[in-house]
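Just below is one structure, and these are the notes that go with it.
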Amino acid sequence: MSENSAGDLGPPLPTVSVVVPVRNDVERLRRCLDLLRRQDYPPDRYEVIVVDNNSTDDIAGAVPSDPRFRLVHEGRR
């Protein structure tokens with residue numbers, strides 16, 4: 001058996017992509033991203049993609065400057 005990313009023996013953990021759609025709800029987005037950042041899944045096995053659906057709020061300011069977190073803009077509502 002090989003060691004997975006969590007340091008345990010067993011099959012490797014899957015890589016996970018979490019997609020967070022948002023429009024004009026920056027406070028709730030901050031809470032959501034903070035919880036995702038603090039969860040215990042191995043950091044090298046997940047990414048978070050925030051999809052901003054044409055917000056007027058400062059969504060970019062809520063996305064951590066962490067390589068696991070990425071912001072994508074969708075211009076249409």
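The values are calculated or read from the model by the stated rules, or taken from the named source; none is laboratory data. The structure presented is a predicted model; accordingly, all values stated were derived computationally and were not measured. When we count neighbours, we look across all protein chains shown, and the Cβ atoms used for this are built from the backbone with ideal geometry, even at glycine.
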message = Can you say whether residue 76 is modelled with pLDDT under 95 and among the basic types (Lys, Arg), as far as the supplied structure shows?
response = yes
request  = Among the residues of the range 31-77, write down those that are surrounded by fewer than 15 Cβ atoms within 10 Å (Cβ to Cβ) and of a type in the set (Lys, Arg).
outcome  = 31, 37, 38, 70, 76, 77
message = Looking at 52, 58 in this structure, which one is part of a strand (DSSP E or B) and over 11 Å from the mean Cα position of the chain (by Cα)?
response = 52
query = Has the range 1-10 got any residue that is loosely packed, with under 10 Cβ neighbours inside 10 Å, modelled with pLDDT under 95 and among the polar types (S, T, N, Q)?
reply = yes
ask   = What are the residues in the range 11-20 that are surrounded by 13 or more Cβ atoms within 10 Å (Cβ to Cβ) and within 14 Å of the chain's Cα centre (by Cα), if any?
value = 18, 20
ask   = Could you give every pair whose Cβ atoms fall below 8 Å, whose first residue belongs to the range 56-70 and is under 12 Å from residue 34 (Cα atoms), and whose second residue is part of a loop (DSSP other than H, G, I, E, B), counting only separations of at least 6 or pairs across chains?
value = 69/63
